[in-house]
1. List the GluC sites (Glu not before Pro) within the range 21-59 that fall in a DSSP loop (any state other than H, G, I, E or B) and whose Cβ has at most 14 other Cβ atoms within 10 Å.
2. Run the numbers on the range 1-51 and let me know its relative contact order in percent, using alpha-carbon pairs under 8 Å that are six or more apart.
3. Just to be sure I understand: with springs between alpha-carbon atoms less than 10 Å apart, which residue in V38, V50, V11 has the highest mean-square fluctuation in the Gaussian network model of the chain?
4. Among A4, I46, T21, whose Cα sits farthest toward the positive end of the charge dipole of the chain (+1 at Cβ of Lys/Arg, -1 at Cβ of Asp/Glu, about the Cα centre)?
5. Got a number for carbon plus sulfur as a percent of the chain's accessible area, 1.4 Å probe?
6. Trypsin sites (Lys or Arg not before Pro), restricted to the chain: which are DSSP loop and have at most 13 other Cβ atoms within 10 Å?
7. Taking R0 as 30 Å, what's the FRET efficiency between K44 and E23 from their Cβ-Cβ distance, rounded to 0.05?
Amino acid sequence: MWIAVDIDGSVYMYTQKPIRTTECWMPDTEDHNEPIEVNRSKAKAIAGRVLNWSDEPIKLNKNA
């Protein structure tokens, strides 16, 4: 699983590393799963820090 923040502050989890577009992250072309929206406080707890648009996606361990 991967977690990333869109330019508007929305946080999503992806099954594969997402691709950055001009305003949001999109699933990789081989990833046919819909991203899961996560609230910012849960994202901070999962990632261990506050995430921003300027951050690259973070790969989460299997237990996250």
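The values are calculated or read from the model by the stated rules, or taken from the named source; none is laboratory data. This structure is a prediction, so every number in the text was calculated from the model and none was measured. Because the Cβ atoms are built from the backbone with ideal geometry, glycine has one as well, and the counts that use them run over all protein chains shown. The accessibility values were calculated without ligands, DNA or RNA, using every heavy atom of the protein model including side chains. Shrake-Rupley method; radii C 1.70, N 1.55, O 1.52, S 1.80 Å.
1. The qualifying sites are E23, E30.
2. Normalised by residue count, the contact order of the range 1-51 is 33 percent.
3. With Cα springs under 10 Å in the chain, the top fluctuation among V38, V50, V11 is at V50.
4. Result: I46, furthest along the dipole toward the positive end.
5. That fraction is 49 percent.
6. Of the trypsin sites (Lys or Arg not before Pro), the ones in loops of the chain whose Cβ has at most 13 other Cβ atoms within 10 Å are R49, K62.
7. With a Förster radius of 30 Å, E is 0.85.
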